[in-house]
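Asks: Below: one structure in structure tokens.
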Amino acid sequence: MLQWVTRTVVRFSSIFLCGMLSSVLTVAVIGAQWFASLVGDSVVLAVEVLVTLLALGLVSWLTRRADALARAVGTVRPGSPEEVQADRVLSRFDTAEKAQEFQCLIFLPPAIAGFILLDERLSLYVHGGLLILAIAGALWQSHRLEHLRQLRGYTTGFGRTVP
């Protein structure tokens, strides 16, 4: 019973921490956009491109780390001594997946705010194009993560993770 309570408290505290971090990052990005809009539309677009590249790069790096560890460990039978290493692989894949979800959650409000802050028509078109490219990149990374997970034998089915 105590173990269940501990896991529940840790889970809710991590959800709360992610929510707070999400709020802080969203406000920071919108603040950077607003500050950049005082200078000009091109600076807003540059800030958006920089933040998007950093976020996509982080997810790509986490995916590569998870794949490298999965290649080193391989597939493992339940109950074997290598099961601890397989759990590390699963946690790395999970971290990459959570970062992907977190990235989409954080950058939706600044993407919408970009349409409000930009003044020129050309800037709005470029912003829309960059937004489409960012969404395509995020979808491609999500597909790649799932493909690598299935290829290495660490799929998730029905909410239960199976090595």
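Asks: Can you confirm whether Asp94 is in contact with a Pro (Cβ under 9 Å, 6 or more places away or on another chain) and part of a helix (DSSP H, G or I)?
Replies: Answer is no for this residue.
Asks: A further question on this structure: Filter region 112-132 down to the residues that are touching a residue at least 24 places away in the same chain (Cβ under 8 Å) and within 23 Å of Val27 (Cα to Cα) and list them by number.
Replies: Ala113, Gly114, Leu117, Leu118, Asp119, Ser123, Val126, His127, Leu130
Asks: For residues in region 64-90 being loosely packed, with under 14 Cβ neighbours inside 10 Å and of a type in the set (S, T, N, Q), which is nearest to Gly114 (Cα to Cα)?
Replies: Only one residue fits best here, namely Thr75.
Asks: Select, from Val47, Val126, the only residue that is under 23 Å from the mean Cα position of the chain (by Cα), part of a helix (DSSP H, G or I) and not basic (Lys, Arg).
Replies: None of the other options fit; the residue is Val47.
Asks: Within region 52-63, how many residues turn out to be buried (at least 20 other Cβ atoms within 10 Å of the Cβ) and under 21 Å from Phe115 (Cα atoms)?
Replies: So the count comes out to 2.
Asks: In addition: Just checking, how many residues over region 24-44 are closer than 15 Å to Pro109 by Cα and either touching a residue at least 60 places away in the same chain (Cβ under 8 Å) or of a type in the set (Gly, Ala, Ser) (or both)?
Replies: The number of residues fulfilling the criteria is 10.
Asks: Confirm whether Leu105 is more than 27 Å from Thr63 (Cα to Cα) and at pLDDT below 80.
Replies: Taking the combined requirement at face value, the residue does not satisfy it.
Asks: Which residue is nearest to the chain's Cα centre (by Cα), if the candidates are limited to region 32-44 and must be surrounded by 12 or more Cβ atoms within 10 Å (Cβ to Cβ) and either of a type in the set (D, E, K, R) or over 15 Å from His127 (Cα atoms) (or both)?
Replies: That would be Ala32.
Asks: Out of curiosity, is Val39 among the aliphatic types (A, V, I, L, M) and over 30 Å from Ala86 (Cβ atoms)?
Replies: Criteria met by Val39.
Asks: Asp119 - would you say it is among the charged types (D, E, K, R) and modelled with pLDDT under 85?
Replies: yes
Asks: Is there a residue in region 146-155 that is modelled with pLDDT of 85 or more, closer than 13 Å to Thr63 by Cβ and surrounded by 15 or more Cβ atoms within 10 Å (Cβ to Cβ)?
Replies: yes
Asks: Have a look at Gln150, Gln85 and point out the one that is polar (S, T, N, Q) and over 21 Å from the mean Cα position of the chain (by Cα).
Replies: Gln85
The values are calculated or read from the model by the stated rules, or taken from the named source; none is laboratory data. Remember, predicted model here, so these are calculated numbers, not experimental data. Backbone-built Cβ (ideal geometry, glycine too); neighbour counts: all protein chains shown.
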